[in-house]
Amino acid sequence: MTTRTHTYMSGRLLVALMTQPCTLAAPPPRASSILRRPPPSFSQRFIATMTTNNQDHLDALFKQKRMLRTKVRKALKSMDPVLRSQEDDAIQSIVLEAPWFKSSQRLCAYISCAALREVDTSKVLAEILQGSDKDGVRKKLYVPHVEDKNSHMRMLHISSVDDMVANSMDILEPAAVDADGNEREDVLQASDPVDLLLLPGLAFDRSGRRLGRGGGYYDTFLRNYQELVKARNWKQLLLVALSYSPQIVDEGVIAVTEHDVSVDALVSPAGVIPISTTAIDRSVAAMLTSSGLSFHQLFCLTLSVLLLPLPSHSADPDPLQDFCVADVSSSLSVNGCPCKPTSQITSDDFFFDGLSKEGNTTNLYKATVTAGNVLAFPGLNTLGISMNRVDFAPGGINPPHWHPRASESGVVIEGKLLVGFVTTNNVYYSKILSAGQMFVVPRGLVHFQLNVGEGKALAFTAFNSHLPGSAVLPFNMFASTPFIPDAVLTKAFRVDDDVISSIRSKFGF
């Protein structure tokens, strides 16, 4: 596409957008009515049935949302038109140059409305409609079509600016049928997944929370699409919000309910803020294409090389040969694992994919640790390094424990974790960490991680031992074999026998 053609298409689209009044559909009249009549396609994890006991809490959340909407609308209204135009250009330029945009073949995007003071998308839409990749393949675009005032919205395929008309609310959207009278393809009926969705909103924070305009259209659509992704085992689409500077607020300001869907990344005039693992994966995709590594594999390799102590300073003895692949089935008892005969060693002994799989968090603590130590990955034997993957369901905890043979470093990949440890002087250190932030726990100190975010959480941890060991205090104290005598525990914790019995019953004893 020539520069002249691109400018022409972008100009046509911009004129079309600017000439539409763009009024909004009125949001549902009362929060409680939404809760009583959720759309039937909501998945179980977005159950909307609320009890009377928490209705006051919900009312407070909705009130907080209304107040923030009023505040942000005033800020957008007072925004200098020249500055707004500059930010429009900056945001669209960032999107057009982003590798995750260039690599996307199928996209959903909103049609910006100047009257609503949404970030302009005319240049982005023009590029999607007229552009193509290096192989000449054109991108496929789906845009919103509002069905009614009850939060029902479809994403329909368009191939030209001329495919859009003003609806009854004067919002540009695709006609339900094309010029030949054929129904447009609905993205929920498409045979292939969408790579990217550019969505609007009123306010955002750097943890991914999004405040919409109150209609619930995007949240409803996204829940339905996520159900489709799960049913068809598709990859998750990347949710990217476009935001003017005044729309970005501090963390904790945006109230959320279980219906609200978070974004993966935020684009402002200052650049891209990757938030979720999905966003980080897409951001480094171009770098990884040539190597064939996934983000998590690259992270594991980098962390092992850069963050762990050198072998001569590890918790394990220095190796005396290039490698000593563990023979974990050997009956020989040594301080470590004996070496497998060289003739039996294969390439598979030096590679491990166990940390790529999400762990099952359906358990007592709603968390699970997938170990990447010498018992699971024999190639680590004598090298003084290992890694774990820790998955957390909402509210999950990796309970207080300690590693007798290693220090620990870790990084949060997704969600929010409260991480803390206690020194031998009984001094407690802790901090709430978000994606990309690290922690370290000195060898032998009791520590824990607690999911304090709204959804799942994921962390990777690394150790300077091929078998760091883990002593989990609740199990040590109350579920040992045989039991620690009640007389010891009652005196140590200064409680009665029935308290010890009650605690043990929680572990199934």
With Rg from the Cα atoms and Rh as the Kirkwood inverse mean 1/r over Cα pairs, the range 67-175 has an Rg/Rh of 1.00
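Based on the mean of other beta carbon atoms within 10 Å per residue, what is the order of 491-498, 458-465, most packed first?
Top of the packing list down: 458-465, 491-498.
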Among 375-386, 102-113, how do they line up by average Cβ neighbours within 10 Å per residue, starting with the highest? 375-386, 102-113
Within the range 182-266, list the chymotrypsin sites (Phe, Trp or Tyr not before Pro) lying in a DSSP loop whose Cβ has at most 14 other Cβ atoms in a 10 Å radius. 234
Here the net charge surrounding residue 474, from other residues whose Cβ is less than 12 Å away from its Cβ (Lys, Arg +1; Asp, Glu -1), is +2
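What length, rounded to one decimal in nm, is gained on full extension from residue 486 through to residue 345, with 0.36 nm per residue of separation minus their alpha-carbon distance?
Values: separation 141, 0.36 × 141 = 50.76 nm, distance 4.92 nm.
Here the segment from residue 486 to residue 345 would lengthen by 45.8 nm.
A 21 angstrom limit on the alpha carbon distance is what I want to check against. Which of 366/491; 431/456; 102/235; 366/456; 149/235 exceed it? Write out the running numbers ahead of the final one.
Working: 366/491 30 Å; 431/456 18 Å; 102/235 17 Å; 366/456 10 Å; 149/235 30 Å.
From 366/491; 431/456; 102/235; 366/456; 149/235, over 21 Å: 366/491; 149/235.
What number comes out for accessible area per residue over the range 383-435 if the probe is 1.4 Å? Units Å², please. The partial results should precede the final answer.
Working: 2140 Å² over 53 residues.
Per residue, the range 383-435 has 40 Å² of solvent-accessible surface.
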Which order do peptides 430-436, 392-398 fall in by mean Cβ count within 10 Å, highest first? 392-398, 430-436
Measure out, as a whole number of angstrom, how far apart the alpha-carbon centroids of the range 240-275 and the range 432-502 sit. 34
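The values are calculated or read from the model by the stated rules, or taken from the named source; none is laboratory data. For clarity, every value in this text was computed on a predicted model and none was experimentally measured. Note: ideal-geometry Cβ built from the backbone for every residue, glycine included; neighbour counts use all protein chains shown. The accessibility values were calculated without ligands, DNA or RNA, using every heavy atom of the protein model including side chains. Shrake-Rupley method; radii C 1.70, N 1.55, O 1.52, S 1.80 Å.
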